[in-house]
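The values are calculated or read from the model by the stated rules, or taken from the named source; none is laboratory data. Computed from a predicted model, the values in this text were never measured in an experiment. Note that we place each Cβ from the backbone using ideal geometry, even for glycine, and neighbour counts take in every protein chain shown.
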Amino acid sequence: MKRALLCLLLAGCGEAFLPETVVVDLRVLGVKAEPAELRPGEAATLTALVKDPTRSAPPTIVWLGCDPDPFGQGRSACSNPTVLQDLASAGSSGMLPVGVHLIGFNDQARYAVSKDLFSVLPEGDPRRLKGTVGQVLALAVADTVPPDQLGEVFKKVQSGEVKAVVTLFRIVVREGEMRNTNPVPARLLVGGEAIAPGAHALVKQGEDSVVALEATEASFEPYTQTQPDGTVESKTERLISAWYSTSGRFSQPRLALDSDVEDRFSPPGGEEPKDPLPERREGQLYVVLRDARGGNAFRESAFYVCDEGRARPVVRTVSTPSTRDDVVVLEGEHLEQLLDVVAGPVALEQPFFDAASGRWSGRIPKGLVKGEYPLGLRGKDCSRTSAPVSLVVP
Amino acid sequence: MPFAFLVVLALGQADGGAGVLTKAPALVRQVEARFPPALADAGASGTVVMELDLGADGKVLDVRVTTSAGAEFDLAALEAVRQFEFTPAEVDGVPAAVRLSYSYEFLFRPAPVAEVPDAGLEAVFSGRIVERGTREPLGGAIVSVGGLEVVTGDDGRFELRGVPEGQQQVTVSAVDHARYVEREDFVPGTRTEVTYHVRREVYGGGETVVRGKKERKEVAQISLRQEEIRLIPGTQGDAFKVIQNLPGVARAPFGIGLLVVRGSKPWDTRTYVDETFIPLLFHFGGLFATYNANLLQDLSFSPGSFGVPYGRSIGGLVEATARTPSQKGVHGYADVNVVDASALVEMPLSQSWSAAVSVRRSYIDILLPAVLGAFVKAKEALSFTVAPRYADWQVRAEWKPPDARKRFFVSYFGSSDALKVLLPNPALDPEGRGEFGTFIAYQRAVVGLDWPLADGVSYRMRTSVGLDQVRFSAGSDLFADATTVPVQMRHVVTRELPDEHLALSLGLDVLALPGKVSLQSPPVFKLDQIPDPFLSRQLIREDAAQSAVEPGLFLDAVWKPVPALKVVSGVRFDGDTTMGKAWVDPRLAVFWNVFEPTTLKAAAGLYHQPPDYRQGQLLQKFGNPNLKPEGARQLMVGAEQRFTEAISLDVQFYYKSLFDQSRQTLALDSGDVSTSATDLNYTSTGFGRSFGMEVLLRHQLTKNFFGWVAYSLSRTERDYFQGKQYGPSPLDQPHNLVALASYKLPFDFILGAKIRYTSGALSTPYVGALYDANGNYHFPLFGTPNSRRLPDFFQLDVRLDKRFVFKDWMLALYLDVQNVTNRRNVEAVSYNYDYTQQQYVTGLPILPVLGVRGEW
């Protein structure tokens, strides 16, 4: 309705595009550097949240780095559209533009800064503290390319035969004591319920769920910013979440964590005709957290569009594993409708239902420490119950 | 007994000059024609139609018979009419020579039986004749009763003595008005005082037209009259919007109020009201002009090649002249439509002084939040702390003695547009700026004087002081705030040298722009540079006290060595203290009246203007104070052909080359970062050209019809590819056709229609996009600039007016329907988040606007 009203007020509108939040093919959703900020002479490890629901194999990523502009004027071949338009062509011929270097492949990428970066500036020059940015390009293609055939990646980008995404990422490089760090996500809440890592978010068809991501208190870092008049202002970081899913719609694609506006997730199969219920009623939620100073973090979770008409799973017994590598086996009724078994803070991994025996099995997550945990049961019928016995982790 | 009435017709002038009749000549001395005795005995009747040339003083200079009623009637009519005297006619507010057609009707009636006059007991009949609905006095009306006749004066008053006793039929005849008949009882020794409200034949348009001999100096000027402006569909009667329908003016995207004249950017065209520069022509989005069109006497538009009296612009020129407030009674109107309400009151203060006050205020700020709130959840809606609102106001007092060529006026007018939006979820901006506001306002106080200094020497002065305020803000730390107190002085002395067939004008035209500007924003990125979100956070601030003075001096000469040839030449000196630059602009125009209805014309000139300082192009940190003035060379040739008194054709060809244009610099190509860059934000290296043809086939407003067909064929190119070659300008619009017509129907209905066809706008295709992982958005990679043309534009607008005329006031209903065919015209292209999909953005669907207007 808002869209229709705005169309009437402003001008005519055409048919709506697929929202940015819906991931249907190759997408780069975020990039993270660790550490989030560099000093001259340091290096950062780079990771990207890259998803492609059309393929089971991971995409191929080629990482390129550009020298930082020590004068802080933003000059870089990595952010020059003229250079970028010819980048694929140059790369496929093995001749990268001046100032562009190969720095990684797939999940192995590091960006290093010369120790002498600011040597062109005199000691005490405020530009050393204000800093500059190192620029990184990530070329992702929806194909599997061996590391020894890098030129193929550029050719595929150039030819457009498979989907490719070119991503620009900047890392702040400066001198000084204070250093920005990446934010740390805490709880992921769907419909007010904290989703345990590895578990599904249960959502109901035709019913919106409020989604939220929390961050640790330390993620809201204090920092200072020099105003144009020279005054130094103390500030606290704003963390902004960006939401994505393989189906369904968000009311707010982006939301500040301290906002009083709610973000509602409309599961697939609702009113939107272009958003049908997936065959297996499942999908993925992704959320990228940014602190606007170069810090980034990701979080993802599966969601399941539950059906109250299904039978409720009932667990009678739970096996006691003798080692951490033993499979945890559950017995009872209607266990084919069991979606997740949550042991304390996390869900059991590699869930499997054996139709022949009627048993449900899962593995203990690596992060789960020794102890006794109550078992939460989450059914495809939208139920949330508890097992009659606890799980003892050796 | 002869009976005569006056008819004023539109007639052409030898020099092709055009002006607007602002005051019709009124007959003040009528000499009754001798009825030829032989014809009286025979009971003959006849009508002699004559052509009268009146001098600027209202005296009859020459009379010719154009339709004969026989030699004796002709002779009698000529004898009488040569002794007539009229009040001076005025063209564009100035007494002028005009040409009239006058019909003298000889109607034989038996002479009344002679009665012995009894001076002590005669019946006296007096009163006033006014127009029904407007209460405007009808001068020159003929009141007939009992064989007696009298012509009303300028104030509509009359008096007859010795009216026959008893009930008599009274008849009132006036040009363009229905015959009025009434019966009155007359009693000897008493005075019968009446006021008759005589109905105009047709309301809402076509009054009689006189094209006076106002000196024509612009080769490409088009003048519009108030009555024409009101009837054009799709403009809501707004004079300034009418300009968008003239040759040379491209249609702006979404029909917003930008004047793109001969391919020039909007900054290149300036608008003047009473020779005073106004900085904002339209309220938000071009809804309405910021100056009330109902206060205008006329409006002239020059798409180029204008003379030296105006400088500081290299594109077009819009000149509006305010009219003298009513000197004949209290008049006004109140108008209510879907977006705003306006009212005007004007009145005489004394015999020479009159005044007018008008005001307009939108109520979008009241309606829009309520409408949005009804449909959208409060937390998700755009929240307006100050919804879009606009207002404008005009006050004018003028001293103008009757029949004098001098006048003095004081006027104060202004405009204000404001908007403040609060975004409840400001997540797009990492700093959380969710409050955006704009405020644009201007005010002007103007003093004007027109004064004849001596025989053949006149002086004109316009001095104004203003206050311009522009404020943009996003959050608390991004803002642009400019306050200027513009002072403009124009003094023009004109000397006519009849023996040399020469008129010289010397003018001083000074514009001072003292003020201050505060601007705090991210640094200016290069035109093709991907904005760096980290650099964007390092705000830059500039506080500048400005004292720009733009002195101008011009000398203008109009020379007519032979009646058929007129040469207008001049030179203009201008400067700008901010840039520290001065320039000289010579200009020349030639008119050759080859035959009576055909005039050839040509012009050449040099034009300069300061770069767009409103965008900060002359600021130290955000612009470049060392820019050069932007320049243009303009050439034009054309011809005007008059087919009838009402129908004319104007064809012109032009070429305009642009040089020293301010342009934003581009990013460096190479990745070399070993030295600090020192390149500027803007340089004066831009260039371009525009050429084309403009055709205007026009039917002047007559009693029932007016309209025009305007066609522009043009090409506009600008420098691209780092200034190495020409490419199509984003403002290029090769074909632009406007056909409009308005016709007056019976029962005070007026029907109008307008068709507009233009080439589609140019756009730059995207060849891909880069995902900015820090900013979380896609930056498009541009293809060849302006290499794709969007589909053509077509729109049909229709307007229907109905007027209800009451004794002392009128009620007008109007229905203005835009885009009657509901065509989905493409205005722009929108893209999905990563620029892999696109679709057209279409303009407004069919849009009916209903309005009510009361006039008194």
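Can you find a residue in the stretch B:627-638 that is over 30 Å from B:TYR726 (Cβ atoms) and either modelled with pLDDT of 90 or more or surrounded by fewer than 16 Cβ atoms within 10 Å (Cβ to Cβ) (or both)? Within the stretch B:627-638, not a single residue is over 30 Å from B:TYR726 (Cβ atoms) and either modelled with pLDDT of 90 or more or surrounded by fewer than 16 Cβ atoms within 10 Å (Cβ to Cβ) (or both).
Among the residues of the stretch A:167-176, are any more than 11 Å from every other protein chain (Cβ to nearest Cβ) and either surrounded by fewer than 20 Cβ atoms within 10 Å (Cβ to Cβ) or under 24 Å from the mean Cα position of the chain (by Cα) (or both)? Yes, there is a match, as at least one residue in the stretch A:167-176 is more than 11 Å from every other protein chain (Cβ to nearest Cβ) and either surrounded by fewer than 20 Cβ atoms within 10 Å (Cβ to Cβ) or under 24 Å from the mean Cα position of the chain (by Cα) (or both).
Listed by position, the strands (runs of 3 or more DSSP E) contained in the stretch B:815-856 that have at least 2 residues being more than 7 Å from every other protein chain (Cβ to nearest Cβ) are B:826-831, B:847-855. Can you go through B:LYS621, B:LYS628, B:LYS601 and tell me which one is away from chain A (no Cβ under 14 Å), touching a strand residue (DSSP E or B) at 6+ places or on another chain (Cβ under 7 Å) and outside any strand (DSSP E or B)? Selected residue: B:LYS628, the only one of B:LYS621, B:LYS628, B:LYS601 that is away from chain A (no Cβ under 14 Å), touching a strand residue (DSSP E or B) at 6+ places or on another chain (Cβ under 7 Å) and outside any strand (DSSP E or B).
Pairs linking a residue in the stretch A:255-270 that is facing chain B (nearest Cβ under 7 Å) to a residue that is at pLDDT below 95 and surrounded by fewer than 20 Cβ atoms within 10 Å (Cβ to Cβ), with Cβ atoms under 7 Å and 6 or more positions apart or on different chains, are A:LEU255/A:VAL261; A:ALA256/B:GLY432; A:VAL261/B:LYS379; A:VAL261/B:PRO424.
Checked against (1) in contact with a helix residue (DSSP H, G or I) (Cβ under 9 Å, 6 or more places away or on another chain); (2) touching a residue at least 60 places away in the same chain (Cβ under 8 Å); (3) within 14 Å of chain B (Cβ to nearest Cβ), A:SER159 passes all but a single condition, namely (2).
Pairing residues of the stretch A:282-302 that are in the same structural domain as A:ALA256 (by TED's automatic domain parsing) with residues that are in a loop (DSSP other than H, G, I, E, B) and among the small types (Gly, Ala, Ser), at Cβ distances under 7 Å and at least 6 apart in sequence or on separate chains, gives A:GLY283/A:SER247; A:GLY283/A:GLY248; A:GLY294/A:ALA36; A:GLY295/A:ALA36.
Here the strands (runs of 3 or more DSSP E) wholly within the stretch B:373-455 that include at least 2 residues being modelled with pLDDT under 80 and over 20 Å from the mean Cα position of the chain (by Cα) are B:383-399. Filter the stretch B:756-789 down to the residues that are more than 13 Å from every other protein chain (Cβ to nearest Cβ) and part of a loop (DSSP other than H, G, I, E, B), then identify the one that is surrounded by the most Cβ atoms within 10 Å (Cβ to Cβ). Of everything passing the filter in the stretch B:756-789, B:ALA761 is surrounded by the most Cβ atoms within 10 Å (Cβ to Cβ).
Take B:ASP801 and tell me if it is more than 10 Å from every other protein chain (Cβ to nearest Cβ), touching a residue at least 60 places away in the same chain (Cβ under 8 Å), over 29 Å from A:VAL50 (Cα atoms) and in contact with a helix residue (DSSP H, G or I) (Cβ under 9 Å, 6 or more places away or on another chain). Considered against the rule, which asks whether it is more than 10 Å from every other protein chain (Cβ to nearest Cβ), touching a residue at least 60 places away in the same chain (Cβ under 8 Å), over 29 Å from A:VAL50 (Cα atoms) and in contact with a helix residue (DSSP H, G or I) (Cβ under 9 Å, 6 or more places away or on another chain), B:ASP801 comes out as yes. Can you find a residue that is surrounded by fewer than 19 Cβ atoms within 10 Å (Cβ to Cβ), modelled with pLDDT of 85 or more and not charged (D, E, K, R) anywhere in the stretch B:124-136? Among the residues of the stretch B:124-136, at least one is surrounded by fewer than 19 Cβ atoms within 10 Å (Cβ to Cβ), modelled with pLDDT of 85 or more and not charged (D, E, K, R), which makes the answer yes.
Count of the stretch B:820-832 residues, restricted to those that are surrounded by fewer than 17 Cβ atoms within 10 Å (Cβ to Cβ) and either among the aromatic types (Phe, Trp, Tyr) or in contact with a helix residue (DSSP H, G or I) (Cβ under 7 Å, 6 or more places away or on another chain) (or both), is 2. When we screen A:GLY198, A:GLY151, A:GLY248, A:GLY191 for residues that are away from chain B (no Cβ under 14 Å) and within 16 Å of the chain's Cα centre (by Cα), the only hit is A:GLY198. For the stretch B:776-804, a residue qualifies if it is β-branched (Val, Ile, Thr) and at pLDDT 90 or above, and exactly one does: B:VAL798.
When restricted to residues that are within 14 Å of chain A (Cβ to nearest Cβ) and surrounded by fewer than 19 Cβ atoms within 10 Å (Cβ to Cβ), the stretch B:491-519 contains 1. Scanning the stretch B:300-316 for residues that are in a strand (DSSP E or B) and crowded, with 24+ Cβ neighbours inside 10 Å returns a single hit, B:PHE301. Cβ-Cβ under 6 Å, sequence separation 6+ or interchain: first residue in the stretch B:592-610 and touching a residue at least 24 places away in the same chain (Cβ under 8 Å), partner of a type in the set (Val, Ile, Thr) and surrounded by 18 or more Cβ atoms within 10 Å (Cβ to Cβ). Which pairs? So the pair list comes out as B:ASN593/B:THR599; B:LYS601/B:VAL219; B:ALA603/B:VAL219; B:TYR607/B:ILE314; B:GLN609/B:ILE314.
Using the structure shown, decide if B:THR190 is in the same structural domain as B:LEU121 (by TED's automatic domain parsing) and either under 27 Å from B:PRO88 (Cβ atoms) or in contact (Cβ under 8 Å) with a residue 60 or more places away in the chain (or both). Yes: the conditions hold for B:THR190. Meeting the requirement of 1 or more residues that are of a type outside the set (Asp, Glu) and touching a Ser or Thr at 6+ places or on another chain (Cβ under 8 Å), the strands (runs of 3 or more DSSP E) wholly within the stretch A:321-384 are A:327-333, A:349-354, A:371-373, A:375-379. Restricting attention to the stretch B:425-460, the residues that are without any contact (Cβ under 8 Å) to a residue 24 or more places away in the chain and away from chain A (no Cβ under 14 Å) add up to 2. Residue pairs whose Cβ atoms lie under 6 Å apart, separated by 6 or more positions or on different chains, with the first residue in the stretch B:525-545 and over 24 Å from B:ASN776 (Cβ atoms) and assigned by TED's automatic domain parsing to the domain that holds B:ASP429 and the second hydrophobic (A, V, I, L, M, F, W, C) and assigned to a loop (DSSP other than H, G, I, E, B), are B:GLU542/B:LEU619. Residues in the stretch A:225-245 that are crowded, with 20+ Cβ neighbours inside 10 Å and either facing chain B (nearest Cβ under 8 Å) or under 16 Å from the mean Cα position of the chain (by Cα) (or both): A:ARG238, A:LEU239, A:ILE240, A:SER241, A:ALA242, A:TRP243, A:TYR244, A:SER245. Helices (runs of 4 or more DSSP H) fully within the stretch A:46-130 that include at least 2 residues being more than 11 Å from every other protein chain (Cβ to nearest Cβ): A:87-92, A:126-130.
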